[in-house]
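Q: The structure that follows is given in the form of structure tokens.
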Amino acid sequence: MNTLETHPRALMLVCLAALAGGCTAPPDPGSAPATVRASSLQDPQFVTAAAANGRYEVQASRLAMYRAASPQVRSYAQMLVDHHTRANNELMDLVRARGMRLPGVLPRDKRTKLDRLASASGSEFDRMYIRIVGIEDHQADIALFERASRELRDPELRAWASKTLPALRSHLDAAQSLSLGSAMR
């Protein structure tokens, strides 16, 4: 049994320290979850980043379900809400089983992206949503999850990251198809 399983409170403290910038997190705690760049990905860093990214993608996609001009973009947004909500719930179950708590507030960089999206409308919104959330954010998610599936110490977290990767890749593929399709013109 590893230390994380036998000392869930210690894991929670490590996670909180990482959020406060006390570990290998970047200097700006507002962008830490989206840009984990330490030499070795730590379990708390991944959990924090994955949770923040998942919550952000659900919020951005809910906005898109109502703001998108294209029915294809609204359909894509609904798919992301469904898939990321399910993945977020699975991650929260893993986090709770380890005695961890995560902040309920989105990091500053994610709030800024949501504000930018909220200020757009019509086909401009569609293009921005697909480019930022569908392509750029999913490329970053895939890189994070690939790393997590190789480097995490907790075997259940590592397995969850591996299991989630195919859905993230399909989200990216669908966004790339939409960005090239007539729905985005």
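Q: Based on this model, can you work out whether residue 146 counts as open to solvent by 50 Å² or more (accessible area, probe 1.4 Å), within 15 Å of the chain's Cα centre (by Cα), free of Cβ contacts under 8 Å to residues at least 60 places away in the same chain and closer than 16 Å to residue 43 by Cβ?
A: yes
Q: Sticking with this structure for a sec: Looking only at segment 102-118, which residues are more than 15 Å from the chain's Cα centre (by Cα), touching a residue at least 12 places away in the same chain (Cβ under 8 Å) and either within 18 Å of residue 172 (Cα to Cα) or surrounded by fewer than 17 Cβ atoms within 10 Å (Cβ to Cβ) (or both)?
A: Across segment 102-118, the qualifying residues are 116, 118.
Q: For segment 70-85, what are the residues that are among the small types (Gly, Ala, Ser) and either in contact with a Phe, Trp or Tyr (Cβ under 7 Å, 6 or more places away or on another chain) or crowded, with 24+ Cβ neighbours inside 10 Å (or both)?
A: The answer is 77, and nothing else.
Q: Quick one: which residue in 69, 60 is touching a residue at least 12 places away in the same chain (Cβ under 8 Å) and in a helix (DSSP H, G or I)?
A: So the residue among 69, 60 that is touching a residue at least 12 places away in the same chain (Cβ under 8 Å) and in a helix (DSSP H, G or I) is 60.
Q: Name the pairs whose Cβ atoms lie under 7 Å apart, with the first residue in segment 152-175 and under 15 Å from residue 41 (Cα atoms), the second among the acidic types (Asp, Glu) and open to solvent by less than 50 Å² (accessible area, probe 1.4 Å), and 6 or more positions between them or separate chains?
A: From segment 152-175, the pairs are 152/43; 153/43; 154/43; 157/43.
Q: Let me ask something additional. Could you pull out every one of the helices (runs of 4 or more DSSP H) wholly within segment 100-185 that has 3 or more residues that are at positive phi? Walk me through it before giving the result.
A: Values: elements: 108-118, 122-129, 138-151, 155-180.
In segment 100-185, no matching helices (runs of 4 or more DSSP H) lie anywhere.
Q: Among the residues of segment 93-101, are any under 14 Å from residue 133 (Cα atoms) and without any contact (Cβ under 8 Å) to a residue 40 or more places away in the chain?
A: No, every residue in segment 93-101 fails to be under 14 Å from residue 133 (Cα atoms) and without any contact (Cβ under 8 Å) to a residue 40 or more places away in the chain.
The values are calculated or read from the model by the stated rules, or taken from the named source; none is laboratory data. Worth saying up front: this structure is predicted, and the values here are computed from it rather than measured. Methodologically, a virtual Cβ is constructed for each residue, glycine included, from the backbone with ideal geometry; neighbour enumeration extends over all protein chains shown. Just the protein is used for accessible areas: all its heavy atoms, side chains included, with ligands, DNA and RNA removed. Shrake-Rupley method; radii C 1.70, N 1.55, O 1.52, S 1.80 Å.
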